[in-house]
Amino acid sequence: MPPQLNSQKMGFVFLLYIVMVLINPTVGAAAEEPPFNVARLVVGTDVQEREPVGVADVFPPGTPTVYCFLEARDIMQATEVAMVWFWGDVEVARVPLTIGAGSRWRTYSRKQIGDLQGNWKVYIQDATGQILGTVQFMVE
């Protein structure tokens, strides 16, 4: 039979738990739900009439601009996000955007590519730093 904890030991265990929660607030908490569902996250050569155009994973050299298009669904409340553009492992742009509350929201940002060939990625990141979605593409 396991030994019983006396009140002094119980107090110590409780104090230790409180300290752990103060250091890392996620201890003892359920994982936080994302603020919305990412219905579409794509890259293309334009956005027309609120829809992406020229959607692809690979773009030819000389492509002047790439657009990252986000369709969010089931947005519980207005949410601040950033589209964070990377060329290889180098962050080259951070575009702040507001996603409005509601059943559906579409938004986009664009990046002039110039002669920057290689692997690219765009993260959708909330204000806490949580990555909500990622899209990757290549400029050959």
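Things worth noting here:
- Using equal-weight Cα scatterers in the Debye expression, the normalised intensity of the range 81-140 in log10 at q = 0.17 Å⁻¹ is -0.59.
- The range 43-105: trypsin sites (Lys or Arg not before Pro) in DSSP coil with no more than 13 other Cβ atoms inside 10 Å: 50
- Of all accessible heavy-atom area on the range 25-140, the percent that carbon and sulfur account for (1.4 Å): 49
- Heavy-atom surface of the range 59-140, accessible at 1.4 Å and reported per residue (Å²): 53
- Estimated Rh, the range 24-140: Kirkwood, alpha-carbon pairs, angstrom: 14.9
The values are calculated or read from the model by the stated rules, or taken from the named source; none is laboratory data. Just so it is clear, the structure is predicted and the values come from calculations on it, not from any experiment. With ideal geometry, Cβ positions are generated from the backbone for all residues, glycine too; neighbour counts draw on all protein chains shown. These area figures cover heavy atoms from the full protein model, side chains too; ligands, DNA and RNA do not enter into them. Shrake-Rupley method; radii C 1.70, N 1.55, O 1.52, S 1.80 Å.
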